[in-house]
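K.L.:
Sharing a structure here in structure tokens format.
Just so you know, all these numbers are worked out from the coordinates, no wet-lab data involved. Just so it is clear, the model here is predicted, and its values are computed rather than measured. All Cβ positions, glycine included, derive from the backbone under ideal geometry; neighbour counts span all protein chains shown.
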Amino acid sequence: MTTRIPRAELAARIAADIPEGSYVNLGIGAPTLVANFLPADQEIILHTENGLLGMGPAPAADQVDPDLINAGKQAVTAVAGAAYFHHADSFGMMRGGHLDVCVLGAFQVSERGDLANWSTGEPGAIPAVGGAMDLAIGAKAVYVMTDLLTKTGESKLVAACSYPLTGVGCVTRVYTDHAVFDVTPEGFAVREAFGDNTVASLAELTGLALAGADPTATDAASAASPEED
Amino acid sequence: MTTRIPRAELAARIAADIPEGSYVNLGIGAPTLVANFLPADQEIILHTENGLLGMGPAPAADQVDPDLINAGKQAVTAVAGAAYFHHADSFGMMRGGHLDVCVLGAFQVSERGDLANWSTGEPGAIPAVGGAMDLAIGAKAVYVMTDLLTKTGESKLVAACSYPLTGVGCVTRVYTDHAVFDVTPEGFAVREAFGDNTVASLAELTGLALAGADPTATDAASAASPEED
Amino acid sequence: MIDKTVPDAAAAVAGITDGATVMISGFGRAGQPVELIDALIAQGARDLTIVNNNAGNGDAGLAALLAKKRVRRIVCSFPRQSDSWVFDGLYRAGEIELELVPQGNLAERIRAAGAGIGAFFTPTGVGTELADGREHRTIDGREYILEYPIHADFALVSGWKADRWGNVVYRETARNFGPIMTSAATTSIVQVDQIVPLGALDPESIPTPGIFVDRVVAVGERPWLRDDVFVGGVDLEGRPLAAASGAEENR
Amino acid sequence: MIDKTVPDAAAAVAGITDGATVMISGFGRAGQPVELIDALIAQGARDLTIVNNNAGNGDAGLAALLAKKRVRRIVCSFPRQSDSWVFDGLYRAGEIELELVPQGNLAERIRAAGAGIGAFFTPTGVGTELADGREHRTIDGREYILEYPIHADFALVSGWKADRWGNVVYRETARNFGPIMTSAATTSIVQVDQIVPLGALDPESIPTPGIFVDRVVAVGERPWLRDDVFVGGVDLEGRPLAAASGAEENR
């Protein structure tokens, strides 16, 4: 059994890669954990696609305001400097490429950066897409946060997605419990292997040819500096 | 010489045809006079395409606010119940068909309701269109306010416009100093002839076959009731 | 005098006909016009097409309308929720049609209807099955699909305050679809907590100017907002999030 | 800490390169960022493409930039005004290119750039010479033309107040192009009368959220607004309207 870091640790690892001043959307589910690890002394502005920039943490139980929720429909707060807007403006922000980073969950990510995270395509399943497709194509850097393997041990990193796609060639980097992978023109490159994971062991787990990451490669999130909107 | 009513009287005549509750855009130039004759005891909401619903009259000279102007770039005021918005929203209002009435000037109006009011097409003239084309296609009822004849005696009502078009088939009614004309599927119909003007004399002045108006015809502005937006 | 206020929710929804397309604002519970929906249930219109981001939560509001089998077709982005059991049952039984639209395309299509745009090219959905049958075009090196406006006969919207001209302001993320839906419907009906005098709203801050609104009705405070815990929300795997308390864990 | 404020207008316009496309907010004088334009003149960038509703009034602001022959091309809806003598002279001399766009299409094209729309079908201009060369299409029985987004390298915008995150509010009709231009430019630069502390602006009323803004600079009160009478404005025949006094006559 190779090293697997806990979700919270992975969330902290992602948080550490997000530069101050970034505009960030954290997808529903596990990615919302990233917010807990953003450094308190830095200003990173959270977007929630239901109409708020400057989302703050959950309120105290007696301060829940049903009109103030996040995309996962959980109660949240707004920080000083926040702004509310309607849905067309909010998705214009995303589609227009103004977000620096979004963090999404995944069922599968392909070598060319295709993302599948909205539907398992099972017959009879009720489809629901929400903002997944808009987020996938809408941020300068799209980070995926996921376990590397499914519960039945199959790799979520794949040569080509078998699940219905959310977006094509849109993923920048994949943060998994085993390692961090960059999506490069040549496929996945191991950016950081946790614990006793190695490029070789990860290649075996995923069944994919993997490159070691080029340490001189530009950090996508840093490149997507807030100066450019 | 046939009867010609003064501009102010024409403006009053137009004002009388605008039902309470209408959302109205008055084009720059002569149409702005209509505002002076809207009944003080009725609420008619004026839109100015540079970003205001609920435009009020000009301010006192010592109360001019350079940030508060109309589409003609004249100082105006805002009434209680006003709303400001940006240009994309303002023109969305027009293009989306939410205005009940707009009143525009014209160089020419054709029998099928084509409007020419933005360019005389003279060589060397500097073209400028502003919001004319948006207004022409954007209101439920498009009223034209103009002299019937040019200074050189040519009819502004024509079989087909020779000046560059502003909009196609967009004019509802033409208020002139001689008469009021409806645009109908059969061409111009005289709705009201002022003073000693007659259908026959107007036909001679315009060189067009004119129908007498069907007195049972629906009033376009009333039909465009504020209930429908 | 312009007075778009009506005395009660029943008067507000009068005239909604069988077969109408009705937009309903809200994202989950926030901004959902529950009192108007209840009035629509009582009013009896059926065979409706509903446009909403979701397909109902729990048993109230939109879910209750669905449960009465008044809805033939729903256009939305996220029907499947932890508490969308009413929709789920109808869908599995083949008793409701679903048009699934990515959320941003849904919003932009509604906005396009209000703004008189005939169609637009969007990058969202390209390469996915939701682009099937769409016209594709490459513009400036990027691929887009063509999407058309969504018009409605009626919009039912929940705001916070309004004046008698129909100017409406919202609270926080309850604004969501209100401004665009009021612009896209022939007749727009807005419930608010409170009607305020003309001139009481700040003209710099009117997300829905009255030109888009036909009827407003005051419904007072919305007790259902405090009914119980704040239900709604699923994680990525579709597991219900125990809300008010669950949210606590994320602090 | 995020701090988008810069000390002066010169710092605000730093880095604007020759050949850049620069959007400039304003409708006539309202919302025109005169201090930023003056700084751009001093900065020296040339061969610019300017996107503005007009083409300058009098001799100040945009007109001064044009007079310095820094502008190769202008995209606007209404260049000809009673006081647009600078543009008029350059245009007649063939020293400036003009792309004339109906005002609503101009606004929508700028909005499309900010919102990631690849192109859109608009009814405005159909059947006119400004539709020449456009793709035409009939949708639902109405004819439309296809228009493309207008992107810019820089936007120079005039607001009223801003905070250090770049949230901007406007005054009255000076809002005009500010919110859409800040969204459509790679680098958006906003002058305001006053920088306010973070949290001082009402989050329900932020026409330009900071995500669209890169630099803000306080310029204090704008004395040129009170320079003389409030010039600008023509009647339908193009005759200058004597403004502050002329407006009086319309009361």
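K.L.:
For q = 0.04, 0.07, 0.09 Å⁻¹, what log10 I(q)/I(0) does the protein assembly as shown give under the Debye formula with an equal point scatterer on each alpha carbon and no solvent?
P.N.:
-0.19, -0.58, -0.95
K.L.:
Here is a follow-up. Per q in 0.10, 0.20 Å⁻¹, report the Debye log10 I(q)/I(0) for the range B:11-109, using one uniform scatterer on each alpha carbon and no solvent.
P.N.:
Debye intensities relative to I(0), on a log10 scale: -0.25, -1.05.
K.L.:
For chain B, calculate the relative contact order in percent as a whole number, restricting contacts to Cα pairs under 8 Å that are 6 or more residues apart.
P.N.:
Taking the mean separation of contacting Cα pairs over the length of chain B, I get 20 percent.
K.L.:
Please rank B:Leu148, B:Leu165, fewest neighbouring Cβ atoms within 10 Å first, as an exposure proxy.
P.N.:
Taking fewest neighbouring Cβ atoms as first place, the list is B:Leu148, B:Leu165.
K.L.:
Moving on to the next point. What average number of partner chain Cβ atoms lie no more than 10 Å from the Cβ of the residues making up D:196-205?
P.N.:
Averaged over the peptide's residues, the number is 6.
K.L.:
Just to be sure I understand: of the beta bridges DSSP finds with both ends in chain A, what percent are antiparallel, rounded to 5?
P.N.:
Counting DSSP beta bridges with both partners in chain A, the antiparallel share is about 50 percent.
K.L.:
To the nearest 10 degrees, how steep is helix A:7-16 against the longest Cα principal axis of chain A, on a 0 to 90 scale?
P.N.:
70 degrees
K.L.:
Rounded to a whole number, what is D in µm²/s for the range C:83-151 from Stokes-Einstein with the Kirkwood radius over alpha-carbon pairs (10 °C, 1.306 mPa s)? Intermediate values should be presented prior to the final figure.
P.N.:
Working: Rh = 13.6 Å.
Answer, rounded: 117 µm²/s.
K.L.:
Can I ask one more? From the square roots a ≥ b ≥ c of the eigenvalues of the alpha-carbon gyration tensor of the range C:161-215, which class results: rounded (a/c under 1.5), prolate (a/b over b/c), or oblate?
P.N.:
oblate
K.L.:
Another question, then. Can you list the lysines whose alpha carbon sits under 28 Å from that of C:Lys161, skipping same-chain ones fewer than 8 residues off?
P.N.:
Excluding near neighbours in sequence, the set is A:Lys73, C:Lys4, D:Lys161.
K.L.:
Under the definition of Cα pairs under 8 Å and six or more residues apart, what whole-number percent is the relative contact order of chain D?
P.N.:
21 percent
K.L.:
Classify the range D:62-122 as rounded, prolate or oblate from the Cα gyration tensor: take a ≥ b ≥ c as the square roots of its eigenvalues, call it rounded if a/c is under 1.5, otherwise prolate when a/b beats b/c and oblate if not.
P.N.:
Verdict is prolate for the range D:62-122.
K.L.:
Among C:Thr173, B:Thr3, D:Thr128, which comes first, then next, by fewest other beta-carbon atoms within 10 Å?
P.N.:
Values: C:Thr173 31, B:Thr3 13, D:Thr128 24.
Ranked by crowding around the Cβ, least crowded first: B:Thr3, D:Thr128, C:Thr173.
K.L.:
Another question, then. For the protein assembly as shown, what does -39500 (n - 2.57) per DSSP helix run (n ≥ 4), summed and divided by total residues, give at 222 nm, in deg cm²/dmol to the nearest 500?
P.N.:
Calculated from helices alone, the mean residue ellipticity at 222 nm is -5000 deg cm²/dmol.
K.L.:
When a footprinting reagent is the concern and you count Cβ atoms within 10 Å, what order do B:Val109, D:Val192, B:Val158 take, fewest first?
P.N.:
The most exposed by this proxy come first: B:Val158, D:Val192, B:Val109.
K.L.:
Let me ask another. With point charges of +1 on the Cβ of Lys and Arg and -1 on the Cβ of Asp and Glu, referenced to the Cα centre of the protein assembly as shown, which listed residue (A:Thr206, A:Val79, C:Ile110) lies farthest in the positive direction of the dipole?
P.N.:
Checked the options; the winner is A:Thr206.
K.L.:
Say a label goes 7 Å from Cα toward Cβ at A:Pro39 in every copy; what distances in nm does this one have to the rest, shortest first?
P.N.:
Taking the point 7 Å beyond Cα along Cα→Cβ, the inter-copy spacings are 6.9 nm.
K.L.:
Taking a quarter of the surface of the convex hull around the Cα atoms of chain A, what do you get in nm²?
P.N.:
Working: hull surface 53.7 nm².
So the mean shadow area of the Cα hull is 13.4 nm².
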